[in-house]
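Report on the structure given below.
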Amino acid sequence: MNGTIFDIKEFSIHDGPGARITVFLKGCPLRCQWCHNPEGLLPTPQLMVKESLCTHCNRCFVSCKHEECKPFHRCAHACPNGCLSISGESISSFRLAERLNENAILLKSLNGGITFSGGEPLMQADFVCETADQLPALHKAIQTSGYADPKVYQKVVAKMDYVMQDIKLISEQGHLKYTGASNAKILKNIDWLLHSGKEYVFRIPLIPDITDTEENLTAISQLIGEASAELMPYNFLAGAKYQMLGMTFPLADHPNRKEDFTKFFQNAKLIS
């Protein structure tokens, strides 16, 4: 079985216990306005363009024979400045597992393992399960929004040793407004996880004036009780990726943040 990934981060220390390799899968059913991996939203490969490096030599518009370049009508390999890259590749579960297992001894010595992230890995549930089955010697974790049919959620979690479960907003109205979807499935899956016996941690993104309100954080605390939780700080880097993908960062004009974004992008020479 083939799946679509957009990155493999080696020796990450923030995606679960120990040192890990994190596999980022493409495709997500949510549209969180603060998403810091916009290249993971669509299930298909995307062209990323670093406009600040472009000298308009037009070499990338010359026809090429690279199969991966055909959908974009540009050659992602022709730019002398490295302006272009393709986010997303198809890979078989066997080939992915083979690559991950090459590091099994080292990862085990560092009390680490493999983490499936995204995007939303539950969108490629069968691929994740098939890959996980081929990693018998490795600790396996998933980082997920929990947005999936409960049967799908439970099937994938059953393959994992550790779950990093996001909790964004308890209010369904707020969840609809800022993620584009109801949180009913998520809350149902969280309730199951709390009683599953699995090892887990809840991850709460702190988005100014959206998720970091006293009302929302109190509601989350009441839901998860004394369960382990991590507060995830706001990420200013997200906006740069949106520009490279030709997308608009939804929170660029967010109250109390527009000035901060402008300064950040100017310092990064992403805007003039």
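The values are calculated or read from the model by the stated rules, or taken from the named source; none is laboratory data. Since we're looking at a predicted model, the values are computed, not measured. Quick reminder, even Gly has a Cβ in these numbers, built from the backbone with ideal geometry, and neighbours come from all protein chains shown.
Might you let me know whether the stretch 82-92 holds any residue that is assigned to a strand (DSSP E or B), over 19 Å from the mean Cα position of the chain (by Cα) and small (G, A, S)? Walk me through how you get there before you give the answer.
Step one: list which residues in the stretch 82-92 are assigned to a strand (DSSP E or B), which gives 84-87, 89-92.
Restricting the remaining residues to those that are over 19 Å from the mean Cα position of the chain (by Cα) gives 84, 92.
This time we only want the ones that are small (G, A, S), so: 92.
Yes, because at least one residue in the stretch 82-92 is assigned to a strand (DSSP E or B), over 19 Å from the mean Cα position of the chain (by Cα) and small (G, A, S).
In the stretch 152-164, what residues are closer than 26 Å to K108 by Cβ, of a type outside the set (A, V, I, L, M, F, W, C) and assigned to a helix (DSSP H, G or I)?
K155, the sole residue that qualifies.
Looking at the stretch 241-258, is at least one residue modelled with pLDDT under 95, farther than 30 Å from T131 by Cα and basic (K, R)? Before the answer, list the steps.
Restricting attention to the stretch 241-258, the residues satisfying the condition of being modelled with pLDDT under 95 are 241-258.
Among the residues that remain, those that are also farther than 30 Å from T131 by Cα are: 243-244, 246-258.
Going one step further and asking which of them are basic (K, R), we end up with 257-258.
Within the stretch 241-258 (the criterion being modelled with pLDDT under 95, farther than 30 Å from T131 by Cα and basic (K, R)), the answer is yes, since at least one residue qualifies.
This table checks each residue for (1) over 16 Å from the mean Cα position of the chain (by Cα); (2) crowded, with 16+ Cβ neighbours inside 10 Å.
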residue: I13; (1), (2): no, no
residue: R20; (1), (2): no, yes
residue: P29; (1), (2): no, yes
residue: C32; (1), (2): no, yes
residue: G40; (1), (2): no, yes
residue: M48; (1), (2): yes, yes
residue: T55; (1), (2): yes, no
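With respect to L122, is the statement that it is under 20 Å from the mean Cα position of the chain (by Cα) and in a helix (DSSP H, G or I) true? Steps first, answer last, please.
On the way: under 20 Å from the mean Cα position of the chain (by Cα): yes; in a helix (DSSP H, G or I): yes.
In short, yes.
Might you let me know whether the stretch 104-119 holds any residue that is within 18 Å of the chain's Cα centre (by Cα), assigned to a loop (DSSP other than H, G, I, E, B) and either closer than 30 Å to E199 by Cβ or polar (S, T, N, Q) (or both)? Break it down into steps so the answer makes sense when it comes.
Filtering the stretch 104-119 for residues within 18 Å of the chain's Cα centre (by Cα) gives 113-119.
Next, only the ones that are assigned to a loop (DSSP other than H, G, I, E, B) stay: 119.
The next check asks that each one be either closer than 30 Å to E199 by Cβ or polar (S, T, N, Q) (or both); those that pass are 119.
Yes; the residues of the stretch 104-119 include at least one that is within 18 Å of the chain's Cα centre (by Cα), assigned to a loop (DSSP other than H, G, I, E, B) and either closer than 30 Å to E199 by Cβ or polar (S, T, N, Q) (or both).
Determine which member of the set S117, S87 is of a type in the set (S, T, Y), within 24 Å of T4 (Cβ to Cβ) and touching a Pro at 6+ places or on another chain (Cβ under 9 Å).
Working: S117 fails: touching a Pro at 6+ places or on another chain (Cβ under 9 Å).
Answer to the check: S87.
Output the number of the condition that P17 fails; it satisfies all remaining conditions of (1) under 27 Å from N111 (Cβ atoms); (2) in contact with a helix residue (DSSP H, G or I) (Cβ under 9 Å, 6 or more places away or on another chain).
Answer for P17: the failing condition is (2).
Which condition from (1) closer than 20 Å to S228 by Cβ; (2) charged (D, E, K, R); (3) without any contact (Cβ under 8 Å) to a residue 12 or more places away in the chain is the one that K177 breaks?
K177 satisfies every listed condition except (1).
Would you mind stating whether E199 is more than 24 Å from P17 (Cβ to Cβ) and of a type in the set (D, E)?
No: the conditions fail for E199.
Name the residue that is nearest to the chain's Cα centre (by Cα), counting only residues in the stretch 165-202 that are surrounded by fewer than 19 Cβ atoms within 10 Å (Cβ to Cβ) and part of a strand (DSSP E or B).
Only one residue tops the list, namely V201.
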